[in-house]
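Read-outs throughout are calculated quantities, based only on the coordinates presented, and are distinct from any laboratory measurement. This is a predicted model, so every value here is computed, not measured. Neighbour counts are summed over all protein chains in view; Cβ atoms, including those assigned to glycine, are modelled from backbone coordinates with ideal geometry.
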Amino acid sequence: MTLQIKSIDQYHEVYKKSVTDPEGFWAEQAETFTWRKKWDKVLEWEFDSPSVKWFLGGKLNITENCLDRHLETRGDQTAIIWEPNDPSEAVKTYTYKQLHKEVCRFANVLKKNGVQKGDRICFYLPMIPEMAIAVLACARIGAIHSVVFAGFSASALADRINDASCKMVLCSDGNYRGAKTVPVKAVVDEACKSTPSVETVLMYKRTETKVEWVEGRDKVWQDELEGVSDVCEAEEMDSEDTLFILYTSGSTGKPKGVQHSCGGYMVYTTFTFKNVFQYNEGDIYWCTADVGWITGHSYIVYGPLSAGATTIMSEGIPTYPDYGRFWQICDKHKVNIFYTAPTAIRALMAQGLQFVEPYSLSTLKVLGTVGEPINEEAWRWYKKHIGKDKCPIVDTWWQTETGGIMISSLAGVTPEKPTFATLPMPGIQPVLLNAEGTEIEGNDVEGFLCVKFPWPSMIRTTWGDHERCRSVYFNRFKGKYFTGDGCRRDENGMYRIIGRVDDVIIVSGHNLGTAEVENGINSHPNVVESAVVGFPHQIKGNAIYAYVIMDGVVEDEAKTRQEILEVVSKEVGPIAKPEKIQFVPGLPKTRSGKIMRRILRKIAAGEKDNFGDISTLLNPEIVEAVKEGALG
Ligand code: PRX
């Protein structure tokens, strides 16, 4: 059984062991899993190349840990509860036995379609149970899943399919989102016009939306399952074989495929799931994320299932049929542990208590947040009105690249502090550095957040481009993993994430690269150049402010803005649409031509002065012009 820390003293004791003897500590944790063959060596690492390997020589299949090992002890326990978009549609549940069978059946469908170990399979699916089933089916046969959030545009999808040369795309006909039915297959069809590697598109019929059909390439998921065996032996995987790729935004427009491997990811996500949320036998756990993001991978699918939990997957949105939907689901399924994003809390808070009051929320024991800093007001509202002042809140800081939760309190076990992620997980050695790379020791300090020792679920490389992994994460500060976040450590050693210090903007908890959004804007035929920055937004945390230089005079600003929104939506996806678009005659630049985002950020935030020394700019006069036209 995975260790579950039960007191603050035990936390300190375990933490100490985990840093004085990391290999011994993680070996003990790994012992609690099912391995086909035990590892020969726990860890080999250096952060220059970088090269990190955990449980070397160990053989396993993660699905044997998420499914097979539970069959005897909890075969009839519910593994997944699926809540549809429409509250009147029937809920679906899968016991561990049923889920095991479904995963095996779909694994056989993949095999029958020529999928082999190491092949990449792209997912572009809504939150239906088949998403989890198919993810596990890939893992069962050793195929590498690359899940793309189904809100991304056709061109963003095509880039991701091509980067990993995916052989197959899994999609649905459409997706129910609130009152709307959104086309899904049509986006895949558009993307697949430029994806030569795709041999098969397997479409799940969800909405019965009319779709185009490419004979020979397209197949219906349900038809493919007909008559297929529900027995499928799991592929033996090396601990360091790739489990999945997940794309995340970076400072260039090109997507970055973060690569995770089997053994370490399994051990770390299970360990953190049980400890952070203090999951106990029989608890009903609900994480509202989409499997398209890392949170869904680690804390809807792999972590909970490996821990033998009952995990809820929900298809819909928090605002449909009304703003009480989350709370209605909590009561309906007697949810004990609820994990969501600050942006959702703020959006629901803004609608008032009449949407909370009809529900008792009496089964809730633990609340969690993830994805962005939570402001104190939202934290207090969540604590009081959802947690009824009796539920601990875990503010979990982590990243796609870290694979699992890195800094967080352990629910009800270690102290919480509003707006603070608090303390590192066992095995995590965070450090704060100054711009020169010197470690800032002691408390009551601020700096760049880095990690100085490997942990089992960390990024191994970026797909097809190891140099990118090195230069983005391991180059800025020698011998350290750089998170890209600024961070404060308070007088008691608790960590508070301040926000990104690079070219990534977190909008509603989603990571967007400035370059990606700018490329989208620039695809408008009359745009000469653009720069985007984040600015504080009450609900979204940050929103995008775009400065755009147009070719010639803009006759109709409203129309041009609308056109820009459309191209961004088409090129990147609706989540990347700027909140504000200001037309400018130029952009403040350094003499070497680098856009001074620092100044643009200040203007977007409504500041009128304190821009520092601008005399060294290439075009200092432009600052005044940009400031004058600033949108309030
Ligand atoms: O800036 C931090 C912010 O989200 C970034 C990682 O984004 P992504 O890879 O999409 O993963 C999100 C889900 C794990 C981080 O670099 N972030 C994440 N969690 C928190 C946070 N910022 C403050 N507090 C958090 N709890």
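Quick look at the values:
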{"quantity": "Inter-label distance, nm, simple model (7 Å from Cα along the C-beta direction), ALA435/VAL554", "calculated": "3.3 nm"}
{"quantity": "Order of TYR124, TYR302 under a 10 Å beta carbon neighbour criterion, fewest first", "calculated": "TYR124, TYR302"}
{"quantity": "For segment 529-593, fraction of C-alpha pairs farther apart than 15 Å, in %", "calculated": "57 percent"}
{"quantity": "Scattering curve values for segment 96-235, log₁₀ I(q)/I(0), Debye with Cα scatterers, q = 0.12, 0.17 Å⁻¹", "calculated": "-0.43, -0.87"}
{"quantity": "Sequence-separation-based contact order of the chain, relative, with Cα cut under 8 Å and 6+ spacing, percent", "calculated": "13 percent"}
{"quantity": "Inter-part distance where segment 1-53 and segment 99-119 are each reduced to a Cα centre, Å", "calculated": "31 Å"}
{"quantity": "For the chain, Cys with no neighbouring Cys Cβ under 4.7 Å", "calculated": "CYS66, CYS138, CYS171, CYS192, CYS262, CYS287, CYS330, CYS391, CYS450, CYS469, CYS487"}
{"quantity": "Separation in nanometres of the label points that stand 7 Å from Cα toward Cβ, at SER592 and SER523", "calculated": "3.0 nm"}
{"quantity": "Cβ-based exposure ranking for LYS210, LYS570, in which fewest neighbours within 10 Å come first", "calculated": "LYS210, LYS570"}
{"quantity": "The chain, dipole about Cα centre (Lys/Arg Cβ +1, Asp/Glu Cβ -1), debye to the nearest 20", "calculated": "500 debye"}
{"quantity": "Computed lengthening from LYS334 to ILE8, 0.36 nm per intervening residue step minus Cα-Cα distance", "calculated": "114.5 nm"}
{"quantity": "The chain: proportion of alpha-carbon pairs further apart than 31 angstrom, %", "calculated": "51 percent"}
{"quantity": "Loop chymotrypsin sites (Phe, Trp or Tyr not before Pro), segment 454-513, which have at most 11 other Cβ atoms in a 10 Å radius of their Cβ (DSSP)", "calculated": "none"}
{"quantity": "Distribution of pairwise C-alpha distances over segment 506-628, 5 Å bins, in %", "calculated": "2, 11, 22, 23, 20, 14, 6, 1"}
{"quantity": "Relative contact order computed over segment 114-269 (Cα-Cα under 8 Å; 6+ residues apart), in percent", "calculated": "23 percent"}
{"quantity": "Sites matching GluC sites (Glu not before Pro) across segment 225-262 that sit in DSSP coil, with at most 11 neighbouring C-beta atoms within 10 Å", "calculated": "GLU226, GLU233"}
{"quantity": "Separation of the ILE539 and LEU225 label points, Cα + 7 Å toward Cβ, nm", "calculated": "3.5 nm"}
{"quantity": "Relative packing of 36-44, 257-265, which averages over residues the other C-beta atoms within 10 Å, highest first", "calculated": "257-265, 36-44"}
{"quantity": "Residue exposure sequence - ASP322, ASP395, ASP218 - by fewest surrounding Cβ within 10 Å", "calculated": "ASP322, ASP218, ASP395"}
{"quantity": "Extension gain, GLU491 back to VAL19 (0.36 nm per residue minus Cα-Cα distance, nm)", "calculated": "167.8 nm"}
